[in-house]
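The values are calculated or read from the model by the stated rules, or taken from the named source; none is laboratory data. Values in this document were obtained by computation on a predicted structure and should not be read as measured data. With ideal geometry, Cβ positions are generated from the backbone for all residues, glycine too; neighbour counts draw on all protein chains shown. Areas reflect the complete protein model, heavy atoms only, side chains present, ligands, DNA and RNA absent. Shrake-Rupley method; radii C 1.70, N 1.55, O 1.52, S 1.80 Å.
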Amino acid sequence: MLYFHEAIDARHPLLQDTGALAAILEWYEPAYKDSRALPLKRRRTPRRRSFREAGSATTGWEQPLEIPSLEAGETLWASYGLRPTLFGRLRWFFFRTSPVMLDVMDAEGNIRWYLLIRDFAGSPMPFHPLPRNLEEAAAYFRGDPAQEWARPISVVVREIGPREYGDEVRIRWYAVRRQPPDGEP
């Protein structure tokens, strides 16, 4: 399997399909790093992950929300409770809803934004780390610890376009730890 670290419609590659990502994290690991793609080889045994709830919060649109802290060896995943309004449901039926964006500020004050896919928003998805390039993606798939410079400190949820969702967004945070396969440290 080949992994290309390329955005599609401004969507981060790891936020595309959370079910496929879960299968890749469980069954695949980097074989080596190419300059354009990351070849992944199938593992003999699955690498399980354990999830623990790390918190939840309800926030309004455009309101900064602090990110929960993690223990060493954990990554942060999140799910987003988006409730469409009547207008939003009608718009989705006839067209499609306006995008929802996540503005994430890191420890150095840099802001990165991500497009949130409505259909996957309610399922846990990666939040930190989100690799910026192929080298970081290889480290992510290997389970290497995230670099401190990439640590997010706040997130703002924005809706682009007319209000198609309710006034509040419920975010659930999950601390995720990879479990070694049987017989591995």
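Couple of notes before you dig in:
- Positive dipole terminus of region 1-136, leading residue within His12, Pro131, Ala31 (C-beta point charges): Ala31
- Within the accessible area of the chain (1.4 Å probe), percent carbon and sulfur: 51
- Centre-to-centre, using Cα atoms only, region 82-144 and region 38-79 are separated by 13 Å.
- Sparse-neighbourhood loop sites, trypsin sites (Lys or Arg not before Pro) in region 84-132 - DSSP loop, at most 10 other Cβ within 10 angstrom: Arg96
- Within-12-Å neighbourhood charge of Gly19 [Cβ basis; K, R +1; D, E -1]: -3
- Put simply, the amide H of His12, placed in the peptide plane, has neighbours under 5 Å in Leu115, leaving out anything fewer than 5 places away on its chain.
- Ranking Ser79, Trp92, Tyr114 by Cα position along the charge dipole of region 60-120, where only Lys, Arg, Asp and Glu carry charges on their C-beta atoms, puts Trp92 farthest toward the positive end.
- Remark: C-alpha extents of region 18-120 on the principal axes read 48, 35, 30 Å, sorted largest to smallest.
- Under-5 Å amide H pairs with Arg151, H placed in peptide plane, nonlocal only: Ala107
- On a per residue basis, region 28-72 carries 67 Å² of accessible surface, using protein heavy atoms and a 1.4 Å probe.
- Equivalent-ellipsoid semi-axes of the chain, from the Cα gyration tensor, Å, largest first: 29, 18, 16
- Peptides ranked, highest mean first, by Cβ atoms within 10 Å: ranges 67-80, 50-63: 67-80, 50-63
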